[in-house]
Amino acid sequence: MPASISNKSYYQATANRTISTVPLEGNVTADVCIIGAGYTGLSAALELAEAGYKVVVLEAETIGFGASGRNGGQICTGFSSGQSKIEGQIGKADAKRAFDLSEEAKQLILDRVEKHKIDCDIRWGYMHCIPKAHQFKHLQEWADEYEALGYGGNTLLTKAELEQKLGTNLYHGALRESHAGHFHPLNYCLGLAAAAIKAGAVVCEHSRVVEVDTGPAPWARTAKGKVSAKFMIIGGNAYLGQLVKPLEGKVMPVGSYIIATEPLGENRAKSLIADNEAVANTNFIVDYYRRSADHRMLFGGRASYSTFEPPNLGEYMRPRMTSVFPQLKDVKIDYAWGGFIAITSNRIPDCGRLSPTVFYAHGYSGQGVSLAGMYGKLMAECVRGTAERFDLLAKIKHLPFPGGRLRTPLLVAAMAYYRVRDALS
Ligand SMILES: Cc1cc2nc3c(=O)[nH]c(=O)nc-3n(C[C@H](O)[C@H](O)[C@H](O)COP(=O)(O)OP(=O)(O)OC[C@H]3O[C@@H](n4cnc5c(N)ncnc54)[C@H](O)[C@@H]3O)c2cc1C
């Protein structure tokens, strides 16, 4: 696992945790062993437990300890790479099928929230804001692309219209999506875990897998036990470290950070984001923000290829927030935390098989809030004998990241390039 980043988040302070678990002890057999209790692993666990499979989930720390319990809570559309990169790899028709799966991913969240009564403050509405006036034409192209893919109902906001909705004059317009939004990420994750446990899955927290066999008869060993299973699903994402050799170098952990202000009161919070929607700018190094249910500003962004948390994270992040909302310069920052996003070289998630019975998916490249649950579901479909939808995505190819001493300098150089590109575009 990469070096630590603060685990004291606003989400932990407001978690709805109703379940208890015990660590793995002794030798256990299961139909499916799942590594990681984030959206990927828990989504697969829920599907499979509901279908009657004996499922054991092994989590190194606690449910939602990884990105699923730390993220910006922004429920995004499509893939981080954009649609054209996917079309370039698998052709227009299959890329459209991939997009349809990403649409289904958002619906899956809504369906699960409703079916399992997950209390996670979910809200629909998402504004993508442009920092430069000349970028408005890109918003139109973006809206047209969505329309052509069958995802309509999105609107363009002029600068003046946007200023009615956002308490800043920084941007020059926005694409407003009606079918994307935000939620409390940890509470959604805990809700998934509770639903999976209710359906019969066994979730073992504090059960780090220290050794695995990813061959046709897979097993996973922890300090105190071992699970032998017919199938294995690997959902460790950026937190997997070097456990599974063939997955090393496929994704790169990138640090991203979030601050939560003190409660601002409903009126002040409304003066910042009138309709309580999710907001992001369109830069490559993105700022993403939203209101919390108790009227704080949750502001995320930055990106770091170092695995060390910047000192005084709250003050490190504050200038990003005040560049958008100068009126928040004196507010208290109650929480600051970070986590690791797993990115792939082309920003398309990577998934596949390590043997006929071992599946993995990771590298959602900053858009896993919706996608991870879908990839978990698709791996569950593979276990159940229907692999077509998974195989559609598994045929997408990725270049590995460079290993050894070149890895970090190359990525730092790439990040510097994107900062300059954001400034010039
Ligand atoms: C700060 C931040 C902000 C983000 N914001 C957004 C956003 O707004 N919108 C969006 O779409 N995406 C966002 N993301 C990305 C999104 O959160 C992830 O793509 C998604 O949560 C991935 O889910 P996962 O289940 O694959 O991985 P994770 O949630 O990281 O879960 C992996 C789990 O595996 C466990 N694990 C690892 N190794 C082992 C082992 N050896 N044994 C047992 N368990 C192990 C870890 O402890 C961890 O709990 C953000 C990520 C971060 C960090």
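Quick note: the coordinates plus some simple rules give every number you see, no bench work behind them. Computed from a predicted model, the values in this text were never measured in an experiment. Glycine gets a Cβ as well: all are built from the backbone with ideal geometry, and neighbour counts include every protein chain shown.
Working note: Karplus 6.51/-1.76/1.60 with θ = phi - 60° gives the stretch 263-278 the couplings x, 9, x, 4, 5, 5, 4, 5, 5, 8, 9, 4, 9, 6, 9, 7 Hz, where Gly and Pro are set to x. For the stretch 23-65, just say rounded, prolate or oblate: build the C-alpha gyration tensor, square-root its eigenvalues into a ≥ b ≥ c, call rounded for a/c under 1.5, and beyond that prolate if a/b exceeds b/c, oblate if not. Taking the square roots of the gyration eigenvalues as a ≥ b ≥ c, the stretch 23-65 is oblate. Over the stretch 224-370, how many percent of alpha carbon pairs lie in each 5 Å bin up to the one with the longest distance? Spelled out bin by bin, the stretch 224-370 gives 2, 8, 16, 18, 14, 12, 10, 8, 6, 3, 2, 0 percent. Exposure proxy ranking for M252, M374, based on other Cβ atoms within 10 angstrom of each Cβ and starting from the fewest, stands as M252, M374. With the biggest extent put first, the Cα atoms of the stretch 286-410 measure 56, 41, 19 Å across the principal axes.
Rg and Dmax of the stretch 25-107, based on Cα coordinates, read 16.5, 50 Å. Overall size of the stretch 65-208 from C-alpha positions, given as principal axis extents largest first: 53, 41, 29 Å. Value of Rg to Rh for the chain, rounded to two decimals, is 0.95; Kirkwood radius and Rg both from alpha-carbon coordinates. What shape does the stretch 202-282 take by its C-alpha gyration tensor, where a ≥ b ≥ c are the square roots of the eigenvalues and a/c under 1.5 counts as rounded, a/b above b/c as prolate, and the rest as oblate? Prolate is the answer for the stretch 202-282, as a/c is 1.5 or above and a/b outweighs b/c. Residues whose amide H falls under 5 Å from that of N346, counting only those 5 or more places apart or on a different chain, are L399, with hydrogens built in the peptide plane. Using a Gaussian network model of the chain in which every pair of alpha carbons under 10 angstrom is joined by a spring, one finds that among L354, L186, L46 the greatest mean-square fluctuation is at L354.
The ratio of the alpha-carbon radius of gyration of the stretch 281-348 to the globular-protein estimate 2.2 N^0.38 Å is 1.21. Going by neighbour counts of Cβ atoms within 10 Å, the residues T18, T261, T168 line up, fewest first, as T18, T168, T261. Backbone phi angles across the stretch 60-74, fed through the Karplus curve with coefficients 6.51, -1.76 and 1.60 (θ = phi - 60°), yield HN-Hα couplings of 4, 10, 10, 4, x, 4, x, 4, 5, x, 10, 7, x, x, 8 Hz in residue order; Gly and Pro are listed as x. Can you flag which of K159/K270; K106/K198; K137/K395 are past 29 Å Cα-Cα? Checking Cα-Cα distances, K137/K395 exceed 29 Å. Would you work out if the stretch 335-404 is rounded, prolate or oblate? Take a ≥ b ≥ c from the square roots of the eigenvalues of the alpha-carbon gyration tensor; rounded if a/c is under 1.5, else prolate when a/b is larger than b/c, oblate otherwise. Taking the square roots of the gyration eigenvalues as a ≥ b ≥ c, the stretch 335-404 is oblate. For H398, neighbours were defined as the other residues whose beta-carbon sits under 15 Å from its Cβ, and their charges (Lys and Arg +1, Asp and Glu -1) total +4. Taking the fewest neighbouring Cβ atoms within 10 Å as the starting point, the ordered list for H182, H134 is H134, H182. Between A93, V57, I122, the Cα set farthest toward the positive side of the dipole of the stretch 27-124 (charges on each charged residue's Cβ, about the Cα centre) is that of A93.
The H on the amide N of G339, modeled in the peptide plane, is under 5 Å from the matching H of S256, each at least 5 residues off or on a different chain. Between amide H atoms placed 1.01 Å from N, distances below 5 Å from A180 occur with G125, Y126, all of them 5 or more places distant or on a separate chain.
Trypsin sites (Lys or Arg not before Pro) within the stretch 279-364: which are DSSP loop residues with at most 13 other Cβ atoms inside 10 Å?
Here the sparse-neighbourhood loop sites are K329, K332.
For the chain, a Gaussian network of Cα nodes joined below 10 Å ranks E147, E381, E163 by mean-square fluctuation, and the top entry is E147. 3J(HN,Hα) along the stretch 371-381: 5, 4, x, 5, 5, x, 5, 5, 5, 5, 4 Hz, from the Karplus curve 6.51 cos²θ - 1.76 cosθ + 1.60 with θ = phi - 60°, whole Hz, x for Gly and Pro.
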